[in-house]
1. Among the residues of the stretch 104-117, write down those that are open to solvent by 20 Å² or more (accessible area, probe 1.4 Å) and over 14 Å from Gln148 (Cα atoms).
2. What residue, of Ile129, Ile81, Ile152, is open to solvent by less than 20 Å² (accessible area, probe 1.4 Å) and in contact with a His (Cβ under 6 Å, 6 or more places away or on another chain)?
3. Looking at the structure I just gave you, is Arg51 in contact with a helix residue (DSSP H, G or I) (Cβ under 6 Å, 6 or more places away or on another chain) and modelled with pLDDT of 95 or more?
4. Condition test on Glu42, is it open to solvent by 10 Å² or more (accessible area, probe 1.4 Å) and within 15 Å of Tyr25 (Cβ to Cβ)?
5. Kindly establish whether Thr12 is in a helix (DSSP H, G or I), open to solvent by 30 Å² or more (accessible area, probe 1.4 Å) and at pLDDT below 75.
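The values are calculated or read from the model by the stated rules, or taken from the named source; none is laboratory data. Everything numeric in this text was worked out from a predicted model, so none of it was measured. Ideal geometry is used to build each Cβ from the backbone, glycine not excepted, and the neighbour counts take in all protein chains shown. Each accessible area value is taken on the protein alone, full model and side chains, heavy atoms only, with ligands, DNA and RNA left out. Shrake-Rupley method; radii C 1.70, N 1.55, O 1.52, S 1.80 Å.
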Amino acid sequence: LRTWEELSEGNTSSVAGMLPVAISYIKLGDVLGGPGGPNIDEDVGAMAAYRRSLAILAGLPSGSGRDRTVRRYIGLVHERIGEMQLEFKHDAEAVVSFEKSFAIRRALSNEAPSDQVMLRDVGVSHEKICSVHPRHGDAGAGTPHCRQALEIYRRLYENDRDDTFALTTLAIGQPQPHLPERHLTMLTPTPPVRAARGRERGARRRPPRA
């Protein structure tokens, strides 16, 4: 992170210069307290790292050749922030963050309907929104998202019979919004960051490639 910041110094509006810095903050957040894998249980630091990444990404110019990549990372960071808000039991704020992520991912998928990676991202967002509503007693609001998540995973599996992640969701991860304790997080964008010590929270995630 320090190396990328030094290299990008004085070039803060450059996508090529600042995107690696933003990605490094995401990875830092994952190690500090990200819900997707082992971490050192520093939730406040994780949230600060994710917010710093979002600030960098939001400040990058649009319309560049890498605009879709930047937008996808913004969607990813909104998801991470939402997950941390759940850790802090700020469920209403988490809904807002997940919906922001969903809006970005849906737009990206609509722009490239054949892109299976973008479609999976949309499915993940549906899954997140599906799982969060029952936590504050509004299971009905999450039901349409549960159904949409399943439909997307069916499509992904039909398009690729080797897609074991989609198959796993269909087989054992059926969204059940009437069960507040059920969180469907086995399909998220990044694998867990390895840490010397920490705890597991959630499931594997794979970050989008720059």
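1. Of the stretch 104-117, the ones open to solvent by 20 Å² or more (accessible area, probe 1.4 Å) are 104, 106-107, 110-117.
Within the stretch 104-117, Ile104, Ala107, Asn110, Glu111, Ala112, Pro113, Ser114, Asp115, Gln116, Val117 qualify.
2. When all the criteria are applied, what remains is Ile129.
3. no
4. Working: open to solvent by 10 Å² or more (accessible area, probe 1.4 Å): yes; within 15 Å of Tyr25 (Cβ to Cβ): yes.
Criteria met by Glu42.
5. When the stated conditions are applied, Thr12 does not pass them.
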